[in-house]
Amino acid sequence: MPLLTEYRALLDQLAEADAPPLTEMPIEAARAMFRVAQPTRPDISVGNVEERAIEGRNGSIPIRVYTPIGTGPFPVTMMFHGGGWVIGDLETVDAQSRQVCTQVGCVVVAVDYRLAPEHRFPAAAEDSYDATVWTHENATQLNADPTRLAVAGDSAGGNLAAVVAQMARDQGGPSLVFQLLVYPVTNGSVFETDSYHDNAEGYMLTSDSMHWFWNHYAEEGDRSNPYASPLCASDLSNLPPALVQVAEFDPLRDEGLQYADALDAAGVDTQSHCYEGFIHGFFSHFDTVPPTRIAMDDACAALQSAFNR
């Protein structure tokens, strides 16, 4: 299928702007640029939004708790933001957190994990896991049900959701009912998939950008660690059911589908979907690029189904 016309127009506008590539920006400039591109959406109404700071093994972790309208206790979804573990924060994940909160009817806990290169692997993974454990242990004060806990994220956030699911299994952590993995990063040791070659440039996220993110996040020797590259795990059995969503025009397409296939082969109840004509980032485009709304609807339906089992 050809690229969505809305995306073609957007990419043409970006090309005309002739902005420097991400890989040539100072880190703080890249973070500021991403915040502008991913604005907050206070118009998506939820019952309540609360900022907290919780304690993890490495110190304080900021979180933002979105509570739906209603009486509860509600199911709860951990939301890990994208941005290559280098950019992104609670502001950039606000729109999708609000939408999932209101559409699913669940508490959403967005996690402001530490960023690279100031804090390299495994900082983001440890913060994400610690926030998940904290949420499970303190669910009642969030008006949440600890027996209905899911993890979710897009891009690097999808990587962290998959990693947290493995950590929870390996370390006797919370029992998770679902993992929503949206164009997840799953393998930092191989960059030779067809989608890396076919979509290397011209579709927002580039192959060069992914190398830039990985170089900031993890040493070469750490990239085969399954808590950095979940596809490298030797055992993927006994993990929670999963939905893996990928975009046709995305360097990460194939490694996302490979992870879905590996989960399925390990006996994990897994669904995957490649959205034709989409590019990386579609999960936050549900209002600005109307055809992508189907992906948000699919994700929310999968979460609701998992919570209702």
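Below, the figures for the structure above:
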| item | result |
| --- | --- |
| Pair list, Cβ under 8 Å, 6 or more apart: the range 228-256 residue closer than 14 Å to Ala161 by Cβ and part of a helix (DSSP H, G or I), other residue open to solvent by less than 30 Å² (accessible area, probe 1.4 Å) and among the β-branched types (Val, Ile, Thr) | Pro230/Val163; Pro230/Thr186; Leu231/Thr186; Gly256/Thr186; Gly256/Val244; Gly256/Val246 |
| Residue list for the range 265-278, restricted to those being of a type in the set (A, V, I, L, M, F, W, C) and either exposed (fewer than 14 other Cβ atoms within 10 Å of the Cβ) or under 26 Å from Leu4 (Cβ atoms) (or both) | Ala265, Cys274, Phe278 |
| Filter result for Thr5 (hydroxyl-bearing (Ser, Thr, Tyr) and touching a residue at least 40 places away in the same chain (Cβ under 8 Å)) | no |
| Odd one out for Pro184, checked against (1) part of a loop (DSSP other than H, G, I, E, B); (2) touching a Pro at 6+ places or on another chain (Cβ under 7 Å) | (2) |
| Hits in the range 179-200 - residues which are within 23 Å of Asp235 (Cβ to Cβ) and open to solvent by less than 10 Å² (accessible area, probe 1.4 Å) | Gln179, Leu180, Leu181, Pro184, Val185, Thr186, Gly188 |
| Qualifying residue in the range 93-116 (condition: of a type in the set (Ser, Thr, Tyr), farther than 27 Å from Glu24 by Cβ and over 12 Å from the mean Cα position of the chain (by Cα)) | yes |
| Residue list for the range 201-218, restricted to those being at positive phi and buried (at least 18 other Cβ atoms within 10 Å of the Cβ) | Met204 |
| Any hit, the range 146-163, residues being surrounded by fewer than 19 Cβ atoms within 10 Å (Cβ to Cβ), closer than 24 Å to Ala302 by Cβ and touching a residue at least 12 places away in the same chain (Cβ under 8 Å) | yes |
| Residue match in the range 250-264 (condition: among the polar types (S, T, N, Q) and open to solvent by less than 10 Å² (accessible area, probe 1.4 Å)) | no |
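Yes/no matrix, rows are residues, columns are (1) in contact with a helix residue (DSSP H, G or I) (Cβ under 9 Å, 6 or more places away or on another chain); (2) within 22 Å of Asn199 (Cβ to Cβ); (3) basic (Lys, Arg):
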| site | (1), (2), (3) |
| --- | --- |
| Pro20 | yes, yes, no |
| Met25 | yes, yes, no |
| Arg57 | yes, no, yes |
| Gly84 | yes, yes, no |
| Val111 | yes, no, no |
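The values are calculated or read from the model by the stated rules, or taken from the named source; none is laboratory data. Note that this is a predicted model, so its numbers are computed, not measured. Methodologically, a virtual Cβ is constructed for each residue, glycine included, from the backbone with ideal geometry; neighbour enumeration extends over all protein chains shown. For the accessible areas, the whole protein counts, side chains as well, though only heavy atoms, and no ligand, DNA or RNA atoms are used. Shrake-Rupley method; radii C 1.70, N 1.55, O 1.52, S 1.80 Å.
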